[in-house]
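Asker: One structure, as structure tokens, below. Some questions next.
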Amino acid sequence: MMTLIRHAESVANAGRRTFDPGTIGLTDAGVLQAEALAKSWGRTPSKLISSPFLRALDTAKPLATRFGLPIHVGDLQEFTYLSPDRCRGTTPHERRNWVDAYWQRAEPDFRDGTGAETFREFASRVEGAICAIGGSCEPGVVVVCHGQVIQMACWLVGRSAVSLDANAMREFRELDINSPVGHCEQRVLMYS
């Protein structure tokens, strides 16, 4: 069993301009959310793993400090499906049409540009990361990552074999839109 936690509120979540997906930090409210998460956590995690992205690392730090744990970095970064070069210096509102067009296209092997990941690559990366963590057989692992990573992990575990076609992309997007993962929200993932 592992507990997946979405990072606290980031400046992108607050609608501000961002420049690099990996360096998006937390808002002041996000810092307070991360601190509250650490204060309320009941048991010492057996291992603390984080996405390499700043907002996830900054969410994990209060937990690491409270329990005296190192933060292990895993291949759990957010799904960057839009080209970072195209998105540099934009707000979520300004990217909305690009986001909608990406998901309407529903092509699992489409790459928006340099630095972007395809849907198939994202699914494979998340599956590999979760299998590697689950393969360690450590109970009580806590993973701080991103909403779409959590959605993908839960979506994949809930299916025996997923054909990554246009219908699968639409299904995943519907799940992500209709059941969003809130800031610092937890999802328990059972694996065997």
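Asker: Which one of GLN104, GLN151 is closer than 24 Å to ILE49 by Cβ and free of Cβ contacts under 8 Å to residues at least 40 places away in the same chain?
Answerer: None of the others qualify; the one that does is GLN151.
Asker: Identify, from the list ALA12, ALA60, ALA56, the residue that is in contact (Cβ under 8 Å) with a residue 60 or more places away in the chain, in a loop (DSSP other than H, G, I, E, B) and touching a Ser or Thr at 6+ places or on another chain (Cβ under 8 Å).
Answerer: ALA12
Asker: In the range 83-95, how many are under 19 Å from the mean Cα position of the chain (by Cα) and of a type in the set (D, E, K, R)?
Answerer: Qualifying residue count, the range 83-95: 1.
Asker: A further question follows. For the condition without any contact (Cβ under 8 Å) to a residue 60 or more places away in the chain, of a type in the set (D, E, K, R) and surrounded by 14 or more Cβ atoms within 10 Å (Cβ to Cβ), what is the one hit in GLU78, GLU127?
Answerer: GLU127
Asker: Considering the range 31-53 alone, what residues qualify as being basic (Lys, Arg) and without any contact (Cβ under 8 Å) to a residue 40 or more places away in the chain?
Answerer: If the condition is that a residue be basic (Lys, Arg) and without any contact (Cβ under 8 Å) to a residue 40 or more places away in the chain, then LYS39 is the only one that fits.
Asker: So ASP112 ticks every box in (1) in a loop (DSSP other than H, G, I, E, B); (2) touching a Phe, Trp or Tyr at 6+ places or on another chain (Cβ under 7 Å); (3) closer than 20 Å to GLU9 by Cβ but one. Which box is left unticked?
Answerer: (3)
Asker: Here's a follow-up. Based on this model, can you work out whether ALA132 counts as surrounded by fewer than 17 Cβ atoms within 10 Å (Cβ to Cβ), out of contact with any strand residue (DSSP E or B) (no Cβ under 7 Å at 6 or more places or on another chain), aliphatic (A, V, I, L, M) and within 17 Å of GLY74 (Cα to Cα)?
Answerer: Criteria met by ALA132.
Asker: A further question follows. Given (1) part of a helix (DSSP H, G or I); (2) buried (at least 17 other Cβ atoms within 10 Å of the Cβ); (3) charged (D, E, K, R), where does ARG95 come up short, assuming only one miss?
Answerer: Against the list (1) part of a helix (DSSP H, G or I); (2) buried (at least 17 other Cβ atoms within 10 Å of the Cβ); (3) charged (D, E, K, R), ARG95 comes up short only on (2).
Asker: Among GLY30, GLY15, GLY25, which is out of contact with any Cys (no Cβ under 8 Å at 6 or more places or on another chain), within 25 Å of HIS93 (Cα to Cα) and surrounded by fewer than 14 Cβ atoms within 10 Å (Cβ to Cβ)?
Answerer: So the residue among GLY30, GLY15, GLY25 that is out of contact with any Cys (no Cβ under 8 Å at 6 or more places or on another chain), within 25 Å of HIS93 (Cα to Cα) and surrounded by fewer than 14 Cβ atoms within 10 Å (Cβ to Cβ) is GLY15.
Results for (1) at pLDDT 95 or above; (2) in a helix (DSSP H, G or I); (3) within 22 Å of GLU9 (Cα to Cα); (4) small (Gly, Ala, Ser), shown as yes or no for each residue.
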residue	(1), (2), (3), (4)
PRO108	yes, no, no, no
PHE122	yes, yes, no, no
GLU138	no, no, no, no
LEU156	no, yes, no, no
ALA161	no, no, no, yes
ILE177	yes, yes, yes, no
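Asker: Out of GLU174, GLU107, GLU185, I need the residue that is surrounded by fewer than 15 Cβ atoms within 10 Å (Cβ to Cβ), touching a strand residue (DSSP E or B) at 6+ places or on another chain (Cβ under 9 Å) and of a type outside the set (Phe, Trp, Tyr). Which one?
Answerer: From the options GLU174, GLU107, GLU185, the qualifying one is GLU185.
Asker: A further question on this structure: Consider only pairs whose beta carbons are under 6 Å apart and that are at least six residues apart or on different chains; among these, list those whose first residue lies in the range 163-192 and is within 15 Å of ARG6 (Cα to Cα) and touching a residue at least 12 places away in the same chain (Cβ under 8 Å) and whose second residue is part of a strand (DSSP E or B) and hydroxyl-bearing (Ser, Thr, Tyr).
Answerer: Pairs found: GLN186/THR3; VAL188/THR3.
The values are calculated or read from the model by the stated rules, or taken from the named source; none is laboratory data. Source: prediction; values computed, not measured. When we count neighbours, we look across all protein chains shown, and the Cβ atoms used for this are built from the backbone with ideal geometry, even at glycine.
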